[in-house]
Amino acid sequence: MEILGVFADVESAGRAVDGLLGEGFTEAQVTSLSSVPYPDGVLAKTGRHNTWFHWLALLGGIGGACAGFLLAAGTAWVYPVQTGDKPIIALYPTAIVTYEFTMLFAMIGAIVGMLLEMKLPSLKKRLYDPAIAEGCIGISLSIHPGGEAVICEAGVRPEECIGPVSSLSAAEQKERAEEVMRAAGVLRIIGEVQP
């Protein structure tokens with residue numbers, strides 16, 4: 001279950017996040033949505049998150065350099081054209097093709113890393129409000145009902161993944177979260193409809 005609170009400014013959204021954390025929810029359950037890129041920790045802390053973005057770009061660049069060299073040098077080797085005393089595999093044409101493939105594959109790796117970092121495409125429908133695109137700030141809270149099995153990410157302790165408030169029923173958790181958001185000055189709360 002998920003609820004989304006829409007706030008007019010950063011201060012009220014920050015009060016809501018602090019209140020939710022004080023109520024027993026964890027940082028892993030809180031997500032901020034904004035049309036403005038705020039620094040990490042202003043609304044919700046994501047410092048524990050490891051990124052593969054730069055490694056995918058590097059891996060793509062190395063793979064592209066190998067592919068470019070193999071294409072240029074392999075073509076020259078398979079179809080040799082001997083011209084005077086010049087080498088069959090010429091340095092400058094091979095270097096140009098290698099460079100172009102390096103850049104192409106590095107960019108593809110960076111784009112794939114960016115999509116993975118942003119968790120796109122989203123396989124699960126998430127709550128959203130059009131006011132977020134107009135400057136409001138959304139605070140989304142994932143609610144795990146008591147007794148529900150929750151799989152934490154690798155290397156995350158269970159108490160960081162799901163807080164002490166998880167022993168309550170989903171309805172009680174939702175009520176507590178809505179109270180905290182109202183006290184912080186929420187404009188509206190959007191709740192996920194349960195089937």
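Rule-based calculations on the coordinates, nothing more; no lab input. In this text, all values refer to a predicted model and were calculated from it rather than measured experimentally. Quick reminder, even Gly has a Cβ in these numbers, built from the backbone with ideal geometry, and neighbours come from all protein chains shown.
Per DSSP H run of n ≥ 4, the term is -39500 (n - 2.57); total these for the chain, divide by its residue number, and report the mean residue ellipticity at 222 nm rounded to 500 deg cm²/dmol.
It lands at -15000 deg cm²/dmol.
How big is the stretch 1-65 on each of its three principal axes, counting only the C-alpha atoms and giving the largest first in Å?
51, 24, 22
Using just the Cα positions, wrap the chain in a convex hull and report its mean projected area in square nanometres, one decimal place.
15.6
By counting other Cβ atoms within 10 Å of each Cβ, how are Phe53, Phe101, Phe25 ranked from fewest to most?
So the ranking, lowest neighbour count to highest, is Phe53, Phe101, Phe25.
If you build the convex hull over the alpha carbons only and average its shadow over all orientations, what do you get for the stretch 53-117? Give it in nm² to one decimal.
Orientation-averaged projected area of the Cα hull: 4.2 nm².
Compute the signed sum of charges (Lys and Arg +1, Asp and Glu -1) over the other residues within less than 9 Å, Cβ to Cβ, of Ile143.
Summing Lys/Arg as +1 and Asp/Glu as -1 gives -1.
Hey, how many Å between the Cα centroid of the stretch 61-126 and the Cα centroid of the stretch 168-187?
The two parts, judged by their Cα centres, are 52 Å apart.
May I ask you to derive the FRET efficiency for Ala8 and Glu100 from their Cβ-Cβ distance with R0 = 41 Å, giving the value to the nearest 0.05?
0.25
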